[in-house]
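In what follows, a single structure is set out as structure tokens and then discussed.
The values are calculated or read from the model by the stated rules, or taken from the named source; none is laboratory data. Since this is a predicted model, take the numbers as computed values, not measurements. Virtual Cβ from ideal backbone geometry, glycine too; neighbours counted across all protein chains shown.
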Amino acid sequence: MTAAPDALPPTLTYADILAARAVLAGQVMRTPMLPAPPLSAITGAEVFVKYENLQVTNSFKERGALVKLASLDADERRRGVIAMSAGNHAQAVALHASRLGIPATIVMPVTTPFVKVAATRSHGATVVLDGETLAESQVRAEAIQAAENRVWVHPYDDAAVMAGQGTIACEMLEDVPDLDMLVIPIGGGGLIGGNAVAAKAIRPGISIIGVEAGLYPSMWNAIRGENRPVGGPTLAEGIAVKIVGRSTLPVVRDLVDDIVLASESELERAVNLYLTRQKTIAEGAGAAGLAAMLAAPERFRGARVGLILCGGNIDPRILASIMVRELEREGRIVSVRITIPDRPGVLGMVATRLGSLGANILGVEHRRLFLDTPAKGTKLDVTLEVRDGAHLHEILAALEADGLPAARIETGGGQLG
């Protein structure tokens with residue numbers, strides 16, 4: 001496991017987190033912690049959400065970044081700071097460094113969503129795009145740090161940063177003291193590490209459940225001694241970390257009760273549920289806690305669960321794609337192949353008939369060259385918006401009765417039935 005650039009920080013204590021609360025008072029928003037009845041109905045648990053997506057930079061990262069920056073002496077502030085980040089830590093460091101008059105340079109992977117890069121630059125930081133992953137960005141950041149004698153602000157492997165993140169659990173347990181468990185995303189481990197220390201100090205019997213993207217089971221591997229593959233494009237780029245923290249690993253090993261791996265489809269569904277049911281925006285990493293509940297519902301059923309919606313910086317184009325994909329998964333957007341005679345007026349007739357059946361036509365494509373189609377016929381692929389599966393069966397039956405054989409097809413063109 002690769003070491004962080006600085007020496008191993010001292011053991012994090014609850015006293016450190018209380019001191020961090022004093023630093024953050026009046027400087028960072030105390031975000032709301034609210035019940036989420038729609039999510040409770042879906043998961044079978046009693047769910048409460050901590051809305052860290054409402055911070056100025058739309059992420060919890062402001063807490064740790066400010067605590068670290070506030071700890072610097074005059075010489076360190078003059079020298080400036082360096083950080084590597086996939087986006088949210090970058091914005092947090094940039095914002096609070098600007099407020100404190102500290103020069104900041106941030107190295108970000110070239111795969112970072114543009115919305116995060118643009119936001120980081122808007123806060124006044126110098127942005128360097130380098131590397132496909134955080135690990136590669138860290139190499140470049142270390143080189144800049146050495147060449148320019150800047151102060152390292154690590155996104156997770158730092159006691160001050162962990163203390164700042166741990167203030168979230170303090171607020172959650174003040175607002176809802178009798179939570180049974182917290183479900184917390186894991187990247188490098190700073191968020192879960194700080195909050196595990198705080199939560200176990202306040203409520204020793206509480207369960208701390210971590211969640212990683214299934215493509216990046218780095219902490220899972222480190223804790224369990226496994227060697228699952230790590231890497232690949234994930235919706236949760238904010239927790240797509242290949243190297244867990246030296247300082248966070250012992251905390252997770254000692255205080256975290258379990259780790260759940262969430263698939264990409266579960267992350268997508270969680271993002272969509274936050275938007276459609278809670279009317280709030282979550283990025284993939286921000287929705288990971290809810291994704292864990294979708295991945296292992298029996299683990300949470302009947303419990304009082306606190307989720308940290310830790311970030312809301314998602315590319316609008318990706319969010320729109322997720323919404324459409326979820327409609328397809330739910331059977332509300334479907335493709336139907338209809339065999340029709342190839343003569344004038346038939347397409348209009350089909351469109352009128354589908355309209356009368358309550359279907360909304362989203363797209364149409366002719367398939368004249370299929371060998372199983374009569375020479376004077378054609379197949380029509382129609383993408384429809386329908387109410388649900390029952391509505392689709394009603395439409396298919398009506399078309400069949402009209403002498404227009406129809407069947408549902410997969411999005412890629414393969415037959416479903």
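Here are some notes:
- Entirely in segment 290-361, the helices (runs of 4 or more DSSP H) that have 1 or more residues that are assigned by TED's automatic domain parsing to the domain that holds residue 37 and surrounded by fewer than 21 Cβ atoms within 10 Å (Cβ to Cβ): 297-300, 316-329
- Checked against (1) under 30 Å from residue 117 (Cβ atoms); (2) of a type in the set (A, V, I, L, M); (3) modelled with pLDDT of 90 or more, residue 327 meets all criteria but (3).
- Residue match in segment 73-91 (condition: modelled with pLDDT of 95 or more and over 21 Å from residue 147 (Cα atoms)): no
- Contacts under 6 angstrom Cβ, first residue in segment 248-265 being within 28 Å of residue 14 (Cα to Cα) and in the same structural domain as residue 232 (by TED's automatic domain parsing), partner among the β-branched types (Val, Ile, Thr) and surrounded by fewer than 19 Cβ atoms within 10 Å (Cβ to Cβ), 6 or more apart: 253/223
- Residue check for residue 189: touching a residue at least 40 places away in the same chain (Cβ under 8 Å), more than 19 Å from residue 283 (Cβ to Cβ) and surrounded by 24 or more Cβ atoms within 10 Å (Cβ to Cβ): no
- The set of residues from segment 255-289 being assigned to a loop (DSSP other than H, G, I, E, B), of a type in the set (Gly, Ala, Ser) and buried (at least 23 other Cβ atoms within 10 Å of the Cβ) comprises 282, 284, 285, 286, 287.
- Residue count for segment 92-116, restricted to those that are assigned to a helix (DSSP H, G or I), surrounded by 19 or more Cβ atoms within 10 Å (Cβ to Cβ) and either more than 17 Å from the chain's Cα centre (by Cα) or at pLDDT 90 or above (or both): 6
- Verdict on residue 58 being crowded, with 19+ Cβ neighbours inside 10 Å, at positive phi and polar (S, T, N, Q): yes
- Hits in segment 118-158 - residues which are in a helix (DSSP H, G or I) and within 24 Å of the chain's Cα centre (by Cα): 118, 119, 120, 121, 122, 134, 135, 136, 137, 138
- Flag: residue 237 matches the condition of being touching a residue at least 40 places away in the same chain (Cβ under 8 Å) and acidic (Asp, Glu).
- Where residue 12 falls short, out of the listed (1) within 26 Å of the chain's Cα centre (by Cα); (2) buried (at least 20 other Cβ atoms within 10 Å of the Cβ): (1)
- Of all residues making up segment 60-90, the number that are assigned to a helix (DSSP H, G or I) and touching a residue at least 24 places away in the same chain (Cβ under 8 Å): 16
So that you can scan it fast, the table gives a plain yes or no per residue for (1) touching a strand residue (DSSP E or B) at 6+ places or on another chain (Cβ under 9 Å); (2) more than 19 Å from residue 188 (Cα to Cα); (3) not assigned by TED's automatic domain parsing to the domain that holds residue 79:
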residue: 114; (1), (2), (3): no, yes, no
residue: 125; (1), (2), (3): yes, yes, no
residue: 128; (1), (2), (3): yes, yes, no
residue: 137; (1), (2), (3): yes, no, no
residue: 142; (1), (2), (3): yes, no, no
residue: 147; (1), (2), (3): no, yes, no
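- All told, residue 188 meets the bar of being farther than 17 Å from residue 21 by Cβ, touching a Gly at 6+ places or on another chain (Cβ under 9 Å), assigned by TED's automatic domain parsing to the domain that holds residue 300 and not acidic (Asp, Glu).
- When restricted to residues that are within 24 Å of residue 102 (Cα to Cα) and not in a loop (DSSP other than H, G, I, E, B), segment 45-59 contains 1.
- Residue, farthest from residue 288 (Cα to Cα), within segment 24-58, restricted to residues that are in contact with a strand residue (DSSP E or B) (Cβ under 7 Å, 6 or more places away or on another chain) and either at pLDDT below 95 or polar (S, T, N, Q) (or both): 31
- Selection within segment 362-398: residues that are of a type in the set (A, V, I, L, M) and either farther than 17 Å from residue 331 by Cβ or outside the structural domain of residue 341 (by TED's automatic domain parsing) (or both). The member of this set that is modelled with the lowest pLDDT is 371.
- Residues that are buried (at least 22 other Cβ atoms within 10 Å of the Cβ) and of a type in the set (D, E, K, R) within segment 125-170 comprise 157, 158, listed in sequence order.
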